[in-house]
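Written below as structure tokens is the structure these notes are about.
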Amino acid sequence: MFARMVLFLALFVWASLGLNCSGTTTPSDGDSSSEVTSSQESPGSTQDGGSPSEGISVVSNPTYHGHIKALMEKHCNSCHKTGGMGPFPLDSLERLMPMKSAVLSAVTDKRMPPWQADNTCNDYSNDFSMPQHEIDLLSRWVKNGAPVGDPSEYQPPKDKPALQLPRVDLRVKMKEAYTPPENRVDDYRCFLIDWPLKETQFVTGFRVQPGNTETVHHLIVYMADAKDAAAYLQEDANSPGIGYNCYGGPGGGGYPGLLGAWAPGTPATVYPKGTGLRVEPGAKLVLQIHYNVTRKPVKPDLSVIELMLEKKVKQQAMIAPFVDPIWMINKKTMKLPKGQSNIPYEFSADLTTLTGGGTVTVYGAAMHMHMLGKTGTMRIQRKDGEEQCLLRIPRWDFNWQSTFLLQKPIVLNEGDKIFMQCMFDNSAQAQPTVEGKKQKPSDVFWGGGSTDEMCLSFLYITCNDADGKANNCFDF
Ligand code: HEC
């Protein structure tokens with residue numbers, strides 16, 4: 001019973017912890033904030049198949065045209081192209097050649113491609129890491145003096161990681177651009193978007209295009225039901241300017257569902273087949289954006305959300321925040337003493353307490369810490385004590401956060417627990433550099449600011465009642 005209350009509280013606190021400011025009205029009423037599309041954009045797949053060399057005998061004399069070009073296309077060039085998110089293009093022989101040692105070092109050290117999960121923990125369907133045999137191939141190529149080969153040897157890669165959704169059915173954006181104030185480092189702002197569709201829909205894919213990557217630190221998309229919409233509109237009306245201040249949560253009340261989140265490095269996410277997040281007509285999307293202002297002048301932001309939709313799915317899913325509510329209620333209970341380099345915080349709970357003894361299926365997880373995070377681990381402990389690794393992030397990097405989807409979803413029965421551990425480093429070496437200056441360590445506590453810390457995760461789940469029937473995961 002206690003566990004049920006704690007979890008309930010966690011979800012509730014997450015949903016409602018809003019220290020919202022008041023003000024006078026200026027609701028803005030433009031209505032060009034959404035666009036329904038039916039285009040079939042660049043179909044992409046995230047797995048299957050493999051490189052031309054996969055499973056085939058070792059190539060002793062790889063060439064650029066014969067092997068490396070395709071390998072770069074498959075693993076690197078979606079970001080490392082002109083105008084891409086990577087700092088330099090690697091999409092031609094001329095561009096790759098002078099970078100080949102840097103490329104080899106980044107790949108052997110597994111800094112690139114930026115896949116953060118330890119693959120010995122579990123297998124992920126959206127894994128975009130580079131398999132060892134391809135790392136070896138690249139390494140052999142560099143050691144052999146990077147032979148060019150003949151363009152006729154080129155075979156395009158079979159599959160490329162999808163940084164875009166295979167299809168975009170709805171594109172919504174903030175009603176107008178917002179410029180965060182210069183006099184505050186952290187600004188939490190919520191923006192309302194009218195859900196434009198008139199029938200029940202399920203969100204099956206999600207991608208964020210932040211308008212200004214210099215200031216958008218993270219972005220969470222909540223969905224408020226029609227019955228709660230008025231409270232959110234009031235919230236917006238009470239605050240001058242576009243949107244309203246919303247530290248900690250979207251405010252508004254009720255229980256807003258989560259549709260997805262973005263932090264640096266988050267690629268497009270296609271939710272597990274047969275599942276989706278329900279949105280009813282009349283709903284409001286609430287974009288909670290945390291702006292972190294470190295550079296002036298501050299440029300405006302107009303962020304865009306792309307969604308893939310289905311009218312029907314086999315089972316409704318939910319994105320459940322997993323966090324110790326005690327840390328959120330009393331920030332001092334999560335203290336990271338200055339100077340210490342291994343500070344663990346752990347939380348565990350039995351999710352089935354929320355389904356009245358039914359099962360909960362976990363399809364994937366994302367973890368969230370800030371700059372002092374060192375490692376993150378999520379594991380399952382079965383009722384009989386047996387353990388299973390769910391997610392391990394051996395080198396936490398704030399700049400690369402994403403959802404790791406399991407190849408084999410994990411079914412939790414009554415008595416099974418999920419454990420989440422965040423390890424923090426608050427030593428002098430671990431301090432972030434702000435405007436060229438390494439910060440001095442000080443005691444750090446739970447909080448939403450970028451110099452505070454957090455330890456939480458988001459689980460993508462579906463639920464069943466005790467009799468096996470699908471339910472809506474604590475739809476309250
Ligand atoms: C999802 C986008 C993305 C992909 C895929 C990607 N990179 Fe990067 N890469 C970046 C970004 C952004 C940076 C700069 C920030 C950083 O270093 O984390 C970077 C930095 C680098 C650097 C310089 C920093 C370092 O760690 O050495 C190298 C070299 C590099 N990438 C090579 C590669 C290679 C080779 C691949 C493919 C095997 C690859 N990248 C795949 C986005 C990407």
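What trypsin sites (Lys or Arg not before Pro) does the range 218-278 have in DSSP loop regions with at most 14 other beta carbons within 10 Å? Please list the in-between numbers first.
Values: sites: LYS227, LYS273, ARG278; in loops: LYS273.
Of the trypsin sites (Lys or Arg not before Pro), the ones in loops of the range 218-278 whose Cβ has at most 14 other Cβ atoms within 10 Å are LYS273.
Compared with the dominant principal axis of the Cα atoms in the chain, helix 132-143 is inclined by about 50°. Gap in Å between the Cα centre of the range 224-265 and the Cα centre of the range 344-411? So the two Cα centres are separated by 27 Å.
Listed by chain and number, the lysines whose C-alpha is less than 30 Å from the C-alpha of LYS74, apart from same-chain residues fewer than 8 away, are LYS100, LYS110, LYS143, LYS158, LYS160, LYS273, LYS374, LYS408. For THR204, neighbours were defined as the other residues whose beta-carbon sits under 13 Å from its Cβ, and their charges (Lys and Arg +1, Asp and Glu -1) total +4.
Taking label points 7 Å from Cα along the Cα-to-Cβ direction, GLU346 and ASP194 give a separation of 5.1 nm. Label separation (ASN399 vs ILE326): 3.6 nm, computed from points 7 Å beyond Cα along the C-beta direction.
Please give every one of the lysines within straight-line cross-link reach of LYS437, meaning a C-alpha to C-alpha distance under 20 Å, and leave out same-chain neighbours fewer than 8 residues apart. Of all the lysines, those that pass the test against LYS437 - Cα under 20 Å, at least 8 places apart if same chain - are LYS296, LYS338.
Projecting the Cα positions of MET423, TRP115, ALA230 onto the charge dipole of the chain (unit charges on Cβ atoms of Lys, Arg, Asp and Glu, taken about the Cα centre) puts MET423 furthest along the positive direction.
Taking 0.36 nm per residue of sequence separation and removing the Cα-Cα distance, the GLN381/SER152 pair yields an extension gain of 77.1 nm.
Scattering from the chain was approximated by placing one identical point on each alpha carbon and applying the Debye formula without solvent; log10 I(q)/I(0) at 0.07, 0.12 1/Å stands at -0.39, -1.16.
Separation of the range 417-437 and the range 120-138, taken as the distance between their Cα centroids, equals 26 angstrom. By the count of neighbouring beta-carbon atoms within 10 Å, fewest first, ASP467, ASP397, ASP91 end up ordered ASP467, ASP397, ASP91.
Working from Cα pairs under 8 Å separated by at least six residues, relative contact order for the range 317-476 is 40 percent. A full extension of the chain between ALA226 and THR82 corresponds to an added length of 47.5 nm, given 0.36 nm per residue minus the alpha carbon distance. Under 17 Å of direct C-alpha separation, and excluding same-chain neighbours fewer than eight residues apart, LYS417 reaches these lysines: LYS383. On the beta carbon distance between ASN472 and LYS299, with R0 = 41 Å, the FRET formula returns roughly 0.50. The fraction of Cα-Cα pairs per 10 angstrom bin, counted from 0 for the range 198-310, comes to 13, 41, 35, 10, 1 percent, rounded to whole percents.
Note on the range 317-476: Cα convex hull, mean projected area over all directions, 10.2 nm².
Over all other residues within a Cβ to Cβ distance under 12 Å of ALA365, the charged ones net out to +2, with Lys and Arg as +1 and Asp and Glu as -1. In degrees between 0 and 90, to the nearest 10, how far off the longest principal axis of the chain does helix 226-237 point, with axes built from Cα atoms? That helix lies at roughly 90 degrees to the long axis.
Using the Cα centre as the reference, give the magnitude of the dipole from point charges on the C-beta atoms of the range 315-438 (Lys, Arg: +1; Asp, Glu: -1; all else neutral), rounded to the nearest 20 debye.
Numbers: 14 positive and 11 negative charges, 105 e Å.
That gives a dipole near 500 debye.
Between the Cα long axis of helix 2-16 and the first principal axis of the chain there is an angle of about 90°, rounded to the nearest 10. Extension gain for ARG111-GLU414 works out to 105.2 nm (0.36 nm per residue, less the C-alpha to C-alpha distance).
Computed from the coordinates by the stated procedures, all read-outs in this text should not be read as laboratory data. All figures in this text were calculated on a predicted structure; none of them were measured in a lab. For neighbour counting, all protein chains shown are included, and Cβ atoms are generated from backbone atoms with ideal geometry for every residue, glycine included.
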